[in-house]
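Structure first, then comments.
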Amino acid sequence: MSERTFVFCPVLKNGAEGRSVEARLEEAKNLAAAIDLDVVAAEPAFLGTVRPATFIGKGTVETIKEALEKNKVGLVVADCALSPVQQRNLEKAWQCKVIDRTALILEIFGERARTREGVLQVELAHLNYQKSRLVRSWTHLERQKGGRGFLGGPGETQIELDRRVITETIVKLKKELEEVKRTRHLHRRARQRVPYPVVALVGYTNAGKSTLFNRLTNAGVLAKDQLFATLDPTMRLIRLPSGRRVILSDTVGFVSNLPTELVAAFRATLEEVLEASLIVHVRDSAHEDSAAQKRDVENVLRELGLEAKIEEGLLEAMNKIDLLDEQERSALSNVASRKSLVMPVSALTGYGVPELLQAIEDALSVGRREIALSLPVSDGAALAYLYRNAEVLKRADDEAYCRLLVRMDDAGLARLQSHYPEVSYEDSRPEPC
């Protein structure tokens, strides 16, 4: 039986939250439900200022205590970041376990990680989180009956860990992650030799990235109406309308107030985004806080050092338009007609997907130019390479030579010359004979 859980969401009375209280509560409840917690009640907690001792005011502490006793709650989830002192004081006041937003997300990631890399990253993030909570922060563990993942507490073996042991473990995990990063770097170098551009899907959690990924690739990746359904990255090869091949990458969803421990720990996973030729921001167009979610995603991308790409403008796939009414769809279509980087789509029905693929192709074609090439008819390997990695516009063959007009960028041309020096080219555009 899952733990009876109470969720409270602190709301500063004069704060500029940028999102509705209802949406924040709903997200907090969904985060708890993602690990099968039994949320019996969820309430906002309005406060004028953050209290150093308990985060919320004394009156709110007492009000929540009454609700906990009435509902026989064993776990409280605070939709904010609590200091170790605040967590300890609230546990003492309410006589039950209290976890904050960071711990909850860590628990979700701990359950969802499947690859060795994902497991390492979650362990590292969890240990960094717990390291600051070693001193006098373990009293609640005496009441633990064990549990699943990180939510059940560090467990008896970790109670005995001191800061030195945790630090040593962190160093060990970082070394293992460096090896993972080295392997991923080798894989990227291998892809660059092929080479195929990488298109990364990013977005707020539950925006429909995996459903869109499956629609584009037929990959069968887990796609559920659930926060953080995707944790480990998935990559597949797809063809664009011209026949050009690209690698599509599905990444972990972002969330507001994403713990810094996770941003740092998952940098190895998110390096696929850093190396991407194009980033497609998948947005939930039907969500009331879609604009706020966009800001949250862009904030995480900035933390990853992608400020320049944000300034240039990301290609936005406005997903879930099947959930909009006719007036909302019309308004979105009007916006899309004025902005080439906004594409209305429905990953569920397939609406707008061909247009999205064309938009991806157009975005990747920026900086490409038309080049006339000539190569021996017998050179099948070079010809196949061109069809895989360039857009072939025209072709004409005679007995000895094949003449092509292709569209490719300078980097692609340099790779072609490196692999197939027998291919001749010129910048002018003589008509293929």
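Divide the volume of the convex hull around the Cα atoms of region 274-433 by the residue count and you get 152 Å³ per residue. Put a dot 7 Å past the Cα of Ser365, heading toward its Cβ, do the same for Asn14, and the two dots end up 5.5 nm apart. A simple spin-label model places the labels of Gln358 and Gln417 3.5 nm from each other, with each point 7 Å out along Cα-to-Cβ. In this structure, the residue pairs whose Cα-Cα separation is over 27 Å, taken from Lys29/Lys97; Lys29/Lys339; Lys13/Lys320; Lys174/Lys209; Lys72/Lys92, are Lys29/Lys339; Lys13/Lys320; Lys174/Lys209.
Estimated from the Cβ-Cβ distance and a Förster radius of 45 angstrom, the FRET efficiency linking Arg388 and Asn334 is about 0.75.
Note on Arg239 and Thr63: the extension gain reaches 57.6 nm, defined as 0.36 nm multiplied by sequence separation minus the Cα-Cα distance.
Once you sort the root eigenvalues of the Cα gyration tensor of region 4-100 as a ≥ b ≥ c, which label holds: rounded (a/c under 1.5), prolate (a/b larger than b/c) or oblate (the other case)? Oblate, because a/c is 1.5 or more while a/b does not exceed b/c.
Between Lys72 and Val171, the contour length at 0.36 nm per residue exceeds the alpha carbon distance by 31.5 nm. In terms of packing, defined here as the mean over residues of other Cβ atoms within 10 angstrom, the peptides 234-246, 58-70 line up highest first as 234-246, 58-70. The slack in the chain from Val85 to Tyr351, taken as 0.36 nm per residue of separation less the alpha-carbon distance, amounts to 90.7 nm. Ranked by how many other Cβ atoms sit within 10 Å of their own Cβ, fewest first, the residues Thr49, Thr211, Thr205 fall in the order Thr49, Thr211, Thr205.
Simple spin-label estimate for Ser132 and Leu304 gives 2.3 nm between the two label positions (7 Å along the Cα-to-Cβ direction from each Cα).
Bear in mind these aren't lab numbers, they're just calculated from the coordinates by the rules spelled out. Just so you know, these numbers come straight off a predicted model, no measurement behind them. Virtual Cβ from ideal backbone geometry, glycine too; neighbours counted across all protein chains shown.
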